[in-house]
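To start, the structure under review is shown below, and the notes come after it.
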Amino acid sequence: MRNVTPWPQLVKRLRFLSALKQCEFAERLGVDQCSVSRWERGESIPNIPKQRCLRDMLHKLEPSIPPAFVEAMPVRAIMHSLHDLTVVCAASEKMANEYGSTPTKMRYSDIGPLWPDSVRLMHETLETTDAWRSGEVGLVQATIFRINNKWCETTGIPILDAGLVFYTASISESPPLDLDESQCRMTIVSKDEMVS
């Protein structure tokens, strides 16, 4: 797991949350569009004053569930960017332990390469579901085969106003009888279904 801030993902995330084009985002930061483009491609990183500015911007855009709250939770919990499900915004200590890391090191890390195929399939399905970002989805429940040969029952709740999705998970040693390690069983529950 990387210790350094993954600036390409963080800059893209902030731009998505701000709903700004590169040129508009650059103008807000007082830089040119080429700088933002290079940051997003990983060709350069923001200087220290701009890094502070970007972190301040992130804290203002993510007020609904503070990362410190997630990190302190005693359960397996993780918060992702709604626009890029591979990017971790916060993880509880129990969840970080599953990845052999710490909550601090996991923040703004890209954990996509560590996912088994079933997790990748789940997130690909969500990313192609229009209801996921339109506000119609209340929660997502899934059973997936996970790293370390353990089974994970997970619930995800989209937090649209903050551009986040908050997951909690429970781990079991044995798989459900009707599911093998290459599969993912997922249920998308609409807000209307939750009310009725």
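Read-outs: derived from the displayed coordinates by stated rules, not from any lab. As the structure is a computational prediction, the values presented were derived from the model and not from experiment. Every residue, glycine among them, receives a Cβ derived from its backbone with ideal geometry; neighbour counts consider all protein chains shown.
Observations on the structure shown:
- Packing-based exposure ordering (other Cβ within 10 Å, fewest first) of LYS105, LYS12: LYS105, LYS12
- If you plug the beta carbon distance of LYS94 and SER134 into 1/(1 + (r/R0)^6) with R0 = 35 Å, you get a FRET efficiency near 0.65.
- Greater than 32 Å apart at Cα, pairs in LYS105/LYS150; LYS50/LYS150; LYS21/LYS150; LYS12/LYS94: LYS50/LYS150; LYS21/LYS150
- Extension gain (nm, one decimal) between CYS23 and LEU58, 0.36 nm per residue minus Cα-Cα: 10.8 nm
- Nearest-20 debye value, the stretch 54-142 charge dipole, Cβ charges on Lys, Arg, Asp, Glu: 300
- Inter-site label distance for GLU193 and ARG120 at 7 Å from Cα along Cβ, in nm: 2.7
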